[in-house]
Amino acid sequence: MGRKSTLYRLIQKEYQRLTDEIDHYEGEIKDLAKGTIRIMSGKYVYLCYKKDGKMVSEYKGMTDSEEAIKARADVKTRSMYKDLIKQLRLELEEVEGYLKAGKRFYKKYRKEYEPELELGYEDERG
């Protein structure tokens, strides 16, 4: 297949950027606390999550303790990253559509565009 247009190569770069970002945020999520925060009696913080099909409530300390603050921040960050990944996946789906359309275009019109693309200019000899 002949050389691709600048636009097609730009879309390929955007596809790669999006997949790299998704991979990055999915890696970050693995290190963050999973579950929800529950505060009992207005001052006791618990991290609630499922383990082996059962709900577990893990005590993290008083609301102002370092461990409780970190657990709350982790859960909030994880939620934010999950929303971001969802948005990136939507963008990736759109970019994939453009790439597929570009492949169909080049497959259909390959013979018309290939000589010009390979030389980088039109042949003036006729």
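The values are calculated or read from the model by the stated rules, or taken from the named source; none is laboratory data. Owing to the predicted nature of the structure, the values given are computational and were not obtained by experimental measurement. Cβ sites come from the backbone with ideal geometry, for glycine too, and all protein chains shown count toward neighbours.
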query = Which residues, taken from region 40-69, are in contact (Cβ under 8 Å) with a residue 24 or more places away in the chain and surrounded by 15 or more Cβ atoms within 10 Å (Cβ to Cβ)?
reply = V45, L47
request  = Considering every residue within region 71-86, establish whether at least one is surrounded by fewer than 14 Cβ atoms within 10 Å (Cβ to Cβ), in contact with a strand residue (DSSP E or B) (Cβ under 9 Å, 6 or more places away or on another chain) and either at pLDDT 95 or above or more than 14 Å from I29 (Cα to Cα) (or both).
outcome  = yes
key: Enumeration of residues in region 80-104 that are touching a residue at least 60 places away in the same chain (Cβ under 8 Å) and more than 13 Å from the chain's Cα centre (by Cα)   = E96, Y98, L99, G102
Residue check, Y121 assigned to a loop (DSSP other than H, G, I, E, B) and either modelled with pLDDT of 90 or more or not polar (S, T, N, Q) (or both) = yes
task = Starting from residues that are among the charged types (D, E, K, R) and over 18 Å from I69 (Cα atoms), keep the ones in region 17-43 and report whichever is farthest from the chain's Cα centre (by Cα).
result = K30
